[in-house]
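Step one of this worksheet: look at the structure below.
The values are calculated or read from the model by the stated rules, or taken from the named source; none is laboratory data. Quick caveat: nothing in here was measured; it's all calculated off a predicted structure. Note that we place each Cβ from the backbone using ideal geometry, even for glycine, and neighbour counts take in every protein chain shown.
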Amino acid sequence: MFLAMLGEAWRAMGANRLRTFLTMLGMVIGVGSVVLMMAVGQGAQESVKESINAMGSNLFIVLSGSSTAGGARSGSGNSSSLTVKDANAISELDGVSNIAPISMGNAQVVFGGNNWSTSIIGTTPTYLDIRVWELVDGYVFSDSDIRSATRVALVGKTVVDNIFGDVDPIGKTIRIKQNPFVVLGVLKSKGQSLDGRDQDDTIIIPLTTAQRKILGNQFAGSVRQIMVQANTPEAMPLVEQNINGLLNQRHNIREGADSDFFVRNLTAVANSAAETTRTMSLLLGAIASVSLLVGGIGIMNIMLVSVTERTREIGIRMAIGARERDILLQFLLEAIVISVIGCLIGLFLGITGAMLVNQLTQAAVVISGNSVMIAFAVAASVGIFFGFYPARKAARLNPIEALRYQ
Amino acid sequence: MAKSVVLVSNLYKDYQTAAGAITVLKQVDFSMEAGDFVAIMGPSGSGKSTFMNILGCLDKPTSGRYTLDGHEVATLDSNTLAKIRNQTIGFVFQGFNLLSRVNLLDNVALPLVYSGANKAERQMRAKVLLDKVGLEQHVNALPNQISGGQQQRVAIARALVNHPRLILADEPTGNLDSKTSEDIMALFSELNADGISIVLVTHESDIAAHASRQVRFLDGRIVQDERSRAIVLATESKEKIEEKEPN
């Protein structure tokens, strides 16, 4: 009986193909846009999450304050207020798992006939641990390289591409500001940072080498930044407070006076970026859902027209023994079949569209089984919800009046 | 044989209209035994169609009793009424009322869908009945591809498909020419001979003459209820009946 009714629904849909197609189109567009928007939104969230993971977790960055020279104040990180000793003192604080003092700047790099301007990071091996940064080849310099300020370097992928080309960089000598450096290792690609910088366009060298040979600090032992990693997310507020207290004390800054350093919670920044993309993808989904709703209303509209047109048919069916629920089921089934087929086409187009977006813009898209199932369930419910009222209207027709209807 | 299929007593039917209540049927008493062939006649508005609808369980009387096959119809719920329309009663309409998008076989099989028969059984029984009404070559045709008389045969086949005990025919020959009408009436007579009770509404006395009993409605009342002595006399008594008509 159910199969017979499904056949009826199919035949009724086939009787007016253009109308069925247009009705279905509402669902197709609705489901298609929901799937596409969810794929793009989830893709954006996923890539933000990846950036956060690439950045490292539970991170603070301590920046030195601005310096004033001849009345012109430079930006933060330019004074020499932070030192390696500050970094070591921070590492003794409760809840701190790792620290890495950093000095950085830009320099011209030369290999053979090629040259390239890149950012130079002078730091300790823990920097790579904190940033969860692996090598694809070679090995990391050691603490003894820091002590003796050897001229060794880890090169990022962008640098490799630009100055080495097809040559294997390991063991080769490059020149940074005329100083020869031996390449020890090649860094694994990290892609863009949250603010869009190419993180692979960099060379990492021992902190002491950077300070003495490349960056030329005002006095030995000063650093631009200290990266601090807390044990747990819960420990972060306390760690932040303790860093401020410790550095104020070490720098002899009185209560109420301006500090000569800044502590920035990188994880909070990252989380707000994640929150932003989450809100954006919710917004996209909400807009797409509106088109699904409009599709549903389209189904209801057409089903109401169909019930009116087929009033006489309903009367005949009732006269030969259809129960109210048979009529209800017949029209409901028709609405559901339209929305489910529309949904399948919509899913197909949405997924194809998402792949196209991925191909054309390189933007990450994520098509999860969950979003597909949600779209399908919503479409079926839209069919039932918007098909129910017309179907009930049909089932409640008075058979005599229905038979008399011209 | 003496068991009443239909028993109606003191039946009233009111309709509410803008102009107030209209009483369409007044104090109708009627009974019918298994195998009866009743023709209901009367002018438009005399209440005969309303009476048919009540007999067919499509409408309910305002007051009075209607017993069908021993069941008090007023006490039955809508699902049971649907089942009665499906299995006890077969309807034949003036306008044939076939589903236009559906082929003849599926039209005839439609009542079986609602009685829950499986597809093989539906097709088998529908074929048997199309065979019986002489349309076995047209099983896959659509209703608009065959003549009016053939469509009415299909409608009769549909009415018969669930082995009803009672056929209700509302002006079944109203849209047909006289030759085709005769064929359809011959078919009804044949069914009646097989033991199926028939109630037939008609304007035409020569059609009514095929029945074994003529009931005349006027202004909502039964004003005449008489049995033909024999159907064979019907043709020769045609003139007499026509003479009686004015009263």
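Scan the stretch A:152-163 and give yes if some residue there is surrounded by fewer than 16 Cβ atoms within 10 Å (Cβ to Cβ) and either in the same structural domain as A:Gln108 (by TED's automatic domain parsing) or over 21 Å from A:Arg131 (Cβ atoms) (or both), otherwise no.
Kept after step one, since they are surrounded by fewer than 16 Cβ atoms within 10 Å (Cβ to Cβ), are these residues of the stretch A:152-163: A:161.
Pick out the ones that are also either in the same structural domain as A:Gln108 (by TED's automatic domain parsing) or over 21 Å from A:Arg131 (Cβ atoms) (or both) and you get A:161.
Yes.
Quick check on this structure: which one of A:Ile314, A:Ile351, A:Ile297, A:Ile345 is buried (at least 20 other Cβ atoms within 10 Å of the Cβ), assigned by TED's automatic domain parsing to the domain that holds A:Gly43 and at pLDDT 90 or above?
Values: A:Ile351 fails: buried (at least 20 other Cβ atoms within 10 Å of the Cβ); A:Ile297 fails: buried (at least 20 other Cβ atoms within 10 Å of the Cβ); A:Ile345 fails: buried (at least 20 other Cβ atoms within 10 Å of the Cβ).
Only one candidate qualifies: A:Ile314.
With respect to A:Thr276, determine if the residue is within 31 Å of the chain's Cα centre (by Cα), assigned to a helix (DSSP H, G or I) and surrounded by fewer than 19 Cβ atoms within 10 Å (Cβ to Cβ).
Judged against the criteria, A:Thr276 is a match.
Is it true that B:Ser49 is at pLDDT below 90 and in a helix (DSSP H, G or I)?
Criteria met by B:Ser49.
For the stretch B:195-223, which positions are more than 16 Å from the chain's Cα centre (by Cα) and more than 27 Å from B:Tyr15 (Cβ to Cβ)?
B:Ser205, B:Asp206
Have a look at B:Val139, B:Val102, B:Val108 and point out the one that is surrounded by 22 or more Cβ atoms within 10 Å (Cβ to Cβ) and either of a type in the set (Val, Ile, Thr) or facing chain A (nearest Cβ under 9 Å) (or both).
Numbers: B:Val139 fails: surrounded by 22 or more Cβ atoms within 10 Å (Cβ to Cβ); B:Val102 fails: surrounded by 22 or more Cβ atoms within 10 Å (Cβ to Cβ).
Selected residue: B:Val108, the only one of B:Val139, B:Val102, B:Val108 that is surrounded by 22 or more Cβ atoms within 10 Å (Cβ to Cβ) and either of a type in the set (Val, Ile, Thr) or facing chain A (nearest Cβ under 9 Å) (or both).
Only one of these conditions is not met by B:Ser31: (1) at negative phi; (2) at pLDDT below 90. Which number is it?
Every condition holds for B:Ser31 apart from (2).
If we keep just the residues of the stretch B:52-82 that are hydroxyl-bearing (Ser, Thr, Tyr) and more than 10 Å from every other protein chain (Cβ to nearest Cβ), which is surrounded by the fewest Cβ atoms within 10 Å (Cβ to Cβ)?
Within the stretch B:52-82, the subset hydroxyl-bearing (Ser, Thr, Tyr) is B:62-63, B:66-67, B:75, B:78, B:80.
Subset that is more than 10 Å from every other protein chain (Cβ to nearest Cβ): B:62-63, B:66-67, B:75.
Details: B:Thr62: 14, B:Ser63: 12, B:Tyr66: 20, B:Thr67: 16, B:Thr75: 7.
Ranking the candidates gives B:Thr75 first.
Is it the case that some residue within the stretch B:83-97 is modelled with pLDDT of 90 or more, facing chain A (nearest Cβ under 9 Å), farther than 28 Å from B:Thr173 by Cβ and not in a loop (DSSP other than H, G, I, E, B)?
Checking the stretch B:83-97: at least one residue is modelled with pLDDT of 90 or more, facing chain A (nearest Cβ under 9 Å), farther than 28 Å from B:Thr173 by Cβ and not in a loop (DSSP other than H, G, I, E, B).
Taking helices (runs of 4 or more DSSP H) that do not extend beyond the stretch A:292-405, which have at least 3 residues that are away from every other protein chain (no Cβ under 14 Å) and aromatic (Phe, Trp, Tyr)? So that I can check it myself, show each step before the final result.
Numbers: elements: A:311-319, A:324-361, A:369-395, A:399-404.
Where helices (runs of 4 or more DSSP H) fall fully within the stretch A:292-405 and carry at least 3 residues being away from every other protein chain (no Cβ under 14 Å) and aromatic (Phe, Trp, Tyr), they are A:369-395.
One line per residue, one yes/no per condition, for (1) surrounded by 15 or more Cβ atoms within 10 Å (Cβ to Cβ); (2) of a type in the set (Gly, Ala, Ser); (3) at pLDDT 90 or above; (4) closer than 29 Å to B:Asp131 by Cα:
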site	(1), (2), (3), (4)
B:Val161	yes, no, yes, yes
B:Asn175	yes, no, no, yes
B:Leu187	yes, no, yes, yes
B:Leu191	yes, no, yes, yes
B:His203	no, no, no, no
B:Arg213	yes, no, yes, no
B:Phe217	yes, no, yes, no
B:Ser228	yes, yes, no, no
